[in-house]
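Let me begin by presenting the structure, written as structure tokens, before commenting on it.
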Amino acid sequence: MKKLLLFFMSLFSLLGYSQLSEDFENPVFPPPGWVVTDNGTGTVQSWTRNTALAGNWTVDLASASSRPEVGVTGLAQDWLITPQVNVPANGQVRFFSKSTSAGEAGSVYRVLISTATQNIADFTTTLATYTELEINNGPMDQKFILLDAYAGQNVYIAFVHEVTDGIGDRWLLDNVNVDVQCLQPDNLTVAAIGDTSVDLGWDNISGASEWEIEYGPAGFVQGTGTLVTGVTTNPFTLNGLTAATTYDFYVRAICGLNNPSPWSDSETFTTRSTVSNLDNVKRTILSSAATKSCGTLASKETKSPFTKL
Ligand SMILES: [Ca+2]
Ligand SMILES: [Ca+2]
Ligand SMILES: [Ca+2]
């Protein structure tokens, strides 16, 4: 029995210890344990399951969707509430979402938390508030909210779409996960510096087995460097560098599908000069010395303390 428990514990750690994972692919909506409700203002629209524009308005084939209440005076709130979920240490809630129309029409998107019940009166803490412009109206993108303050607690999380006086945008939501944050690598190290290669290492805080490295000329802006994906060794030998050049690099861990860590702080290294460069330098020095003081060199040679072979 104990072995079985250990097996499942290690399986959970391999899977990122996901406490809640909802992709809205099952036609039942709301999914079992979830609640759809509102604040009593604007009862025509509610959170529903959307299957339009697969891959754009969804991750895979379906998402959750809330349309604005049109022609309603006052503040209309549409609530989508998760089942109870136990927050792990270093927990987070992450989700993909999008609005649908460019520009700001006035919708407000909120994520709230309750440590009591699914009753909307118990959601007394707002975790995050987004304007329309902060919710991409292009492809869905993922938001991360850290739940460190709730480690070990049983909570409910609500996605609240607010529209005032009937003017607003939609909110589409998909792949809602409550799981363990992927912690960023720390203490970056540099070893075996060559003219075109270097060994890069880091402390693997998250226990990940895959990483990404971004590197570029010293001081480069992140996002403009060279990205190395699918790194599975630590340390990792980076090849193809230019000799006698100073580089910065960053590392992030990949803890599972769509669960990367933040990027680490940067570290710096300078590659060595190439052998041919050194040869050129030597040749220049020797030819210069020979031209200027051939006699002196010969006299120095006679004073050498080393025995000539
Ligand atoms: Ca989906
Ligand atoms: Ca409504
Ligand atoms: Ca908009």
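With a 10 Å Cβ neighbour count serving as the proxy for reagent exposure, in which order, fewest first, do Trp263, Trp211 appear?
Trp263, Trp211
If all Cα-Cα distances of segment 146-209 are sorted into 10 Å bins from 0 onward, what percent lands in each bin, rounded to whole numbers?
The percentages, shortest bin first, are 14, 24, 23, 18, 14, 6, 1.
If each residue of separation counts as 0.36 nm, what is the full-extension length gain between Ala121 and Asn26 once their alpha-carbon separation is subtracted?
31.3 nm
Let me have the relative contact order for segment 15-180, percent, based on Cα pairs under 8 Å that are six or more residues apart.
Worked out over segment 15-180, it gives 36 percent.
Taking every pair of alpha-carbon atoms in segment 186-270, give the share separated by more than 22 Å as a whole percent.
The proportion of pairs with Cα distances above 22 Å equals 18 percent.
Can you put Ile193, Ile135 in order of Cβ neighbours within 10 angstrom, beginning with the fewest?
By the 10 Å Cβ count, ascending: Ile193, Ile135.
Just in segment 25-116: which GluC sites (Glu not before Pro) are loop by DSSP and have at most 13 other Cβ atoms within 10 Å?
In loop regions of segment 25-116 (DSSP not H, G, I, E or B), the sparsely surrounded GluC sites (Glu not before Pro) are Glu104.
Just so you know, all these numbers are worked out from the coordinates, no wet-lab data involved. Bear in mind the structure is a predicted one, so any value in this text is a computation, not a measurement. No Cβ is skipped: glycine too gets one built from the backbone with ideal geometry, and neighbour counts run over all protein chains shown.
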